[in-house]
1. Counting only helical runs of four or more DSSP H residues, what would the 222 nm mean residue ellipticity of the chain come to if each run contributes -39,500 (n - 2.57) and the total is spread over all its residues?
2. Pairwise over distinct Cα atoms, reciprocal of the mean inverse distance: report the Kirkwood radius of the range 206-289 in Å, one decimal place.
3. Using only Cα atoms, figure out Rg for the range 172-236 and give it as a multiple of 2.2 N^0.38 Å.
4. Give me the tail of P(r) for the range 129-277 as a percent: Cα-Cα pairs with distance above 18 Å.
5. Rg over Rh of the range 89-209, using C-alpha atoms and the Kirkwood radius, what does it come to?
6. Taking the range 128-235, which GluC sites (Glu not before Pro) meet the DSSP loop condition and have no more than 15 other C-beta atoms within 10 Å?
7. For the range 3-122, what is one quarter of the convex hull surface built on the Cα atoms, given in nm²?
8. Among the listed pairs LYS170/LYS200; LYS115/LYS215; LYS17/LYS74; LYS111/LYS218, which have their C-alpha atoms separated by more than 23 angstrom in this model?
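Quick note: the coordinates plus some simple rules give every number you see, no bench work behind them. In this text the structure is predicted, and so the values were computed from the model without any measurement. Cβ coordinates were reconstructed from backbone atoms using ideal geometry, including for glycine residues, and neighbour counts include every protein chain displayed.
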Amino acid sequence: MSLSFRPLTANDFELYKTMETGLKDDYMLKVFDRLSVNGNALFGLFEDDTLVAVAGYTLFAGEFAMLGRLRSDKRYRKNGYGTKITEYILNKAKDTSSVKWVGANTERHNKAAQKVLQKISVPHVITLYAAQADDLDVLVTNDDPWERVESNQEKRHWIDKTYLNPSFEKSVFPFEAYYPFPARPSLFTEDKLDQMICFKNQTNTRVVFMWEEEKGDKYLHVVYPWSDFSDQPGLFETMSQEFNKRKANGTSSRIWMDLTEEEAASLPAGHPFDLPSPWMLHGFFTEDTAELDTSLNTARQLIDQIENELSDLTTIVEHNKETLDSLDKRNDELDSSF
């Protein structure tokens, strides 16, 4: 008996169908032709010529590799094949030069997948509830909705102030439904900012982001960077107003919010959110990424400091110019008095 690995393509569909995965509704059967293209990679583990396990990964923003699609043939289980192929694709992802982070997302009840990730040293990062609701009417009061932010420049200002700020309380950004990642600049392209609708409160101290996604249902994905959503006047009014407008247009049918376990527990009584089994994000940065992030943050802080100093110097120069102008005028008056 010999074991081997190789990439799988759409041409291996018939081979994949011979596996006995034990899954009643395997979505991979519907999208198999897409699992090896457009940033996706799929690999097979073979015992001699028999496909006994598959797994793959998807690249996001060019530098985040999300492992997944682990399947094994139930006739060959208890041989450690799930661990072997997951470790193989982990190393494949790490060997991709652009990849800065490798991870996986598992439902909390999927203990088998979590055990595999523990064996190959992929640590747990955060657990999030995919909170979903059909309407927010019970949370709406009479507070005024927030003001819409129109420019990408101001949206980027809020991203820098929150998720990309090293001292901010949250460091994981829900990039897509089911796909949160540690926040890095590569996630916030101009296209992503164009996609994001942004609103700020009247005191300019809080902001909320929204965008539409389709993951089976059509969602309005809402991202509020803080944990104090129940204490923010106008926040739920803003969310409800935007959602109802899109629901009427047929482009959204549900609201999606990613909540930590503490945030889910803090929801008010009678809240409208469904809270299915939470998802556990696992992952780690590849070598030198943390050092690079520290350098980038230091550079950003130095630039801010220089800009503040230049602003102060401009103020001083303008003040001195006014003083000189006043002195010149006084001298002219003195000269004319002789």
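1. Value at 222 nm, helices only: -11000 deg cm²/dmol.
2. About 14.6 Å for the range 206-289.
3. The range 172-236 yields a ratio of 1.17.
4. Percent of Cα pairs beyond 18 Å in the range 129-277: 56.
5. My calculation of the ratio gives 1.03.
6. Taking the range 128-235 and a limit of 15 other Cβ atoms within 10 Å, the loop GluC sites (Glu not before Pro) found are GLU150, GLU169.
7. The orientation-averaged projected area of the Cα hull of the range 3-122 comes to 7.4 nm².
8. LYS115/LYS215; LYS111/LYS218
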